[in-house]
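As structure tokens, the structure follows; a few thoughts come after it.
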Amino acid sequence: MNNVQIKNLIYSATAFVTVLALGGCQEDKDPQTVLEEANLKKAVYCMVPLENKKDIEASRREYFGETYIQHTPWIPDRVDAVLSIFATRFEKYPDFVMEIKRSGSDGDLVWMHLHTKRTPEILGNAVINIFRMKDGKFV
């Protein structure tokens with residue numbers, strides 16, 4: 001074997017090991033992981049327009065399930081109650097913005113660490129939301 005053949009053999013072996021290490025031969029993801037990733041993706045997709053685009057009707061149709069249980073003591077259960085909180089806030093603070101800083105999922109639960117600002121000049125607040133997801137909607 002000459003030097004070129006040896007280099008080509010080394011490159012081929014390195015490429016094969018790299019494919020194995022990066023998952024070229026890994027099994028498909030388990031159903032729980034797929035569900036958690038889908039729930040997280042959908043929750044993030046829903047939260048950004050809900051907080052920043054201020055479209056209450058789209059939120060009612062697309063982001064909330066038929067039954068919605070609210071665990072904040074001062075907000076009643078049901079979608080209408082939570083959306084009325086958003087509507088009031090949109091009227092009172094038209095420049096309100098939210099940014100998702102961190103998020104994660106575990107089973108049917110999704111959590112989000114948010115930074116919210118009622119007006120551009122304030123520092124804002126850190127908020128944690130935890131949602132249960134069902135069929136791609138907050139419940």
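The selection criterion, being modelled with pLDDT under 85, in a helix (DSSP H, G or I), closer than 30 Å to Lys117 by Cα and not aromatic (Phe, Trp, Tyr), does not hold for Val17.
Of all the residues that make up the stretch 121-139, how many are assigned to a strand (DSSP E or B) and either among the aromatic types (Phe, Trp, Tyr) or within 23 Å of Lys41 (Cβ to Cβ) (or both)? Total satisfying the criteria: 11. One residue stands out among those in the stretch 102-139 that are closer than 22 Å to Ile75 by Cβ and of a type in the set (Lys, Arg): the one that is surrounded by the fewest Cβ atoms within 10 Å (Cβ to Cβ), which is Lys134.
Residue pairs whose Cβ atoms lie under 9 Å apart, sitting 6 or more positions apart in sequence or on different chains, and linking a residue in the stretch 61-80 that is exposed (fewer than 13 other Cβ atoms within 10 Å of the Cβ) to a partner that is part of a loop (DSSP other than H, G, I, E, B) and of a type in the set (Lys, Arg), are Thr67/Arg78; Ile69/Arg78.
Does the stretch 67-74 include one or more residues that are on the phi < 0 side of the Ramachandran plot and assigned to a helix (DSSP H, G or I)? No: the stretch 67-74 contains no residue that is on the phi < 0 side of the Ramachandran plot and assigned to a helix (DSSP H, G or I).
With respect to (1) at pLDDT 90 or above; (2) exposed (fewer than 13 other Cβ atoms within 10 Å of the Cβ), the lone exception for Asn52 is condition (1).
The values are calculated or read from the model by the stated rules, or taken from the named source; none is laboratory data. As the structure is a computational prediction, the values presented were derived from the model and not from experiment. For neighbour counting, all protein chains shown are included, and Cβ atoms are generated from backbone atoms with ideal geometry for every residue, glycine included.
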